[in-house]
1. Comparing 272, 220, 294, which has the greatest mean-square fluctuation in the GNM of the chain with Cα pairs linked when under 10 Å apart?
2. With a cut-off of 8 Å between alpha carbons and a minimum separation of six or more residues, what is the relative contact order of the stretch 154-308 in percent?
3. I'm a student and want to see the number: the projected area of the Cα convex hull of the stretch 42-120, averaged over all directions, in nm².
4. Which one of 81, 256, 42 has the biggest mean-square fluctuation once the chain is modelled by GNM with Cα springs under 10 Å?
5. Among 88, 269, 164, whose mean-square fluctuation peaks in a Gaussian network model of the chain (Cα, cutoff 10 Å)?
6. Could you tell me the calculated FRET efficiency between residue 109 and residue 238, based on Cβ-Cβ distance and R0 = 35 angstrom, to the nearest 0.05?
7. Hey, with R₀ at 35 Å, roughly what FRET efficiency would residue 120 and residue 188 work out to, going by the Cβ-Cβ distance, to 0.05?
8. Using the Kirkwood radius over C-alpha pairs as Rh, can you work out the diffusion coefficient of the chain via Stokes-Einstein at 25 °C, viscosity 0.890 mPa s, in µm² per second?
């Protein structure tokens, strides 16, 4: 039977509060920034919107607060065409991300989880039908790990493919890693995970990207994708490792680019693409997303021409 959804996202919904700075302040220092801009964000919502804008049939399991940000976040998801049947409202604040963007387009982010911290395994149980109707279920770690594990189990039991973006990096049980196909990490997230093997993060970061991917596979996931920013990405599974170059573009703002990459990856996997082909497409979508400011507002549509 055909799946109702290409991708279901179980994850966070945040309001992104963004300020541009000429340089980031040192401890105890104050610097002036640009006007404050508020955008819809959160890793879960970003991935859902990005996949929907690319033409995917997308649903989301998430929580927003009953505050003013909640309406903005709901409207952004609805406008993109994301199914909101399991977008739940929690009394109290929505999640908020405080983002500073430097002149080179790189960002620093502090996240206040708000309603995201209240997404529970009971919410997963009530959303089992939606999860079971997805080809791919995508996760991040801005919601509690027990909730992610419960949803990953439900997805696997229903025959859906599990994609976990280990961001922000946090300890996860081996059972969760074993369900990943793929585990998606950047170099810092990989160093965090491998550093827990007894090596320091710095030692893990000195490994070559191929060695990192192979070491991650040894932790149990069925496949691994390591993103390398402007240098592209690596895809690794039991058949070997392949490097994928990224298009060269002018970087304006990297906020949410990793989420665009993961969303595009999930969508192509849902359509049956081999992992390496899905990664090639995802690098092009990620490159398109850094050419404009903001997260969701920068994501390409299915009709946009992607960089080569």
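Each value in this text was obtained by applying a stated rule to the coordinates, not by laboratory testing. All values reported here derive from a predicted model rather than from experimental measurement. FYI the Cβ positions are ideal-geometry reconstructions off the backbone, even for glycines, and counts take in every protein chain you see.
1. Residue with maximal mean-square fluctuation among 272, 220, 294: 272.
2. Value for the stretch 154-308: 17 percent.
3. On the way: hull surface 23.1 nm².
That works out to 5.8 nm², a quarter of the Cα hull's surface.
4. Looking only at 81, 256, 42, the largest GNM fluctuation is found for 81.
5. 88
6. 0.55
7. According to the calculation, E is roughly 0.80.
8. Value of D from the Cα-based Kirkwood radius: 128 µm²/s.
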